[in-house]
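Written out below as structure tokens is the structure these notes cover.
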Amino acid sequence: MSGFTALVVRPVIDHPVGPPDHPEHKRLILPTDPDVQAAWLHDEVGGITEAATWHRSLTIHVHDNGQNFPLEPNAVLWTLAGLWRGQPLDYLLYGAGVITGPESADRKAYKELPPQLAEQTLKAVDAATDWWIEHDYNLPIWAHYPTLPAFREAIVHTRRALY
């Protein structure tokens, strides 16, 4: 059993001098009450959330206006979205993101991550984070040109870590 039902994924922050900080991703329990859950998601992403689904059993929640706030681009979430979508995104995701299960049938809330999928998702988050820390010199380039073929390697590396 994983002990968590949602995962908060923070961006890898590039520093002009020295290595990037290793972000502290959080394993949390997703509230099941729809009103509490909406407020909780708002707090975790730092504003109004936008939900995106690139995997039938997962949803990524991000700030709906992160680029204009400005929040840091999140290369780890971008990598996961590309992995689940089957190709890189041609745009960036900003700030911390929350990964939950899919939207419930009544569309009032999101489901919890099942234990096995939570562990697999955490493994993917760790692999993507490690790749971006190892390739931190690419972060400023990626933020302007996310579709360059070189960045597909982050997705390939993350996929390999799962198998």
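Observations
- Axis of helix 75-85 versus longest Cα principal axis of the chain: the two differ by about 70°, to the nearest ten degrees.
- Here's the picture: charge each Lys and Arg Cβ at +1 and each Asp and Glu Cβ at -1 in region 22-163, and of 46, 57, 133 the one pushed furthest to the positive end of that dipole is 57.
- C-alpha long axis of helix 152-161 to longest principal axis of the chain, angle in °: 60
- Our helix-only sum for the chain, with -39,500 (n - 2.57) per DSSP H run of n ≥ 4 divided by its residues, gives a mean residue ellipticity at 222 nm of -10500 deg cm²/dmol.
- Here the dipole of region 69-146 is about 320 debye; that uses its Cα centre as origin and unit charges on the Cβ of Lys and Arg (positive) and Asp and Glu (negative).
- Principal axis box of region 1-100, alpha-carbon based, largest edge first, Å: 43, 32, 28
- Angle of helix 115-134 to the longest C-alpha principal axis of the chain, folded into 0 to 90 degrees and rounded to 10: 20°.
- Highest-first arrangement of 16-26, 87-97, where packing means the average Cβ count within 10 Å: 87-97, 16-26
- Spacing of the two label points (7 Å from each Cα toward its C-beta) at residue 90 and residue 24, in nm: 3.9
- Max mean-square fluctuation residue, GNM over the chain, Cα-Cα springs under 10 Å, options 39, 105, 128: 105
- Evaluating 6.51 cos²θ - 1.76 cosθ + 1.60 at θ = phi - 60° for every residue in region 87-93, the Karplus couplings come out as 6, x, 6, 9, 8, 9, 10 Hz, glycine and proline recorded as x.
- Modelled spin labels at residue 147 and residue 48, positioned 7 Å past Cα toward Cβ, are 2.8 nm from each other.
- In region 92-145, the trypsin sites (Lys or Arg not before Pro) that fall in loop regions by DSSP, at most 11 other Cβ within 10 Å: 107
- Formal net charge of residues neighbouring residue 161 (Cβ-Cβ distance under 9 Å; K, R +1; D, E -1): +1
- Farthest toward positive dipole pole in region 55-163 [+1 Lys/Arg, -1 Asp/Glu at C-beta], among 98, 115, 146: 115
- The Rg/Rh ratio for region 82-158 is 1.02, where Rg is the radius of gyration of the alpha carbons and Rh is the Kirkwood radius.
- Assuming charge only on the beta carbon of Lys and Arg (+1) and of Asp and Glu (-1), the dipole of the chain about its Cα centre is about 540 debye to the nearest 20.
- Proportion of all alpha-carbon pairs of region 1-45 beyond 13 Å (%): 64
Every number in this text was worked out from the coordinates using simple rules, so none of it is lab data. Since this is a predicted model, take the numbers as computed values, not measurements. Positions of Cβ are backbone-derived with ideal geometry, glycine not excepted, and every protein chain shown enters the neighbour counts.
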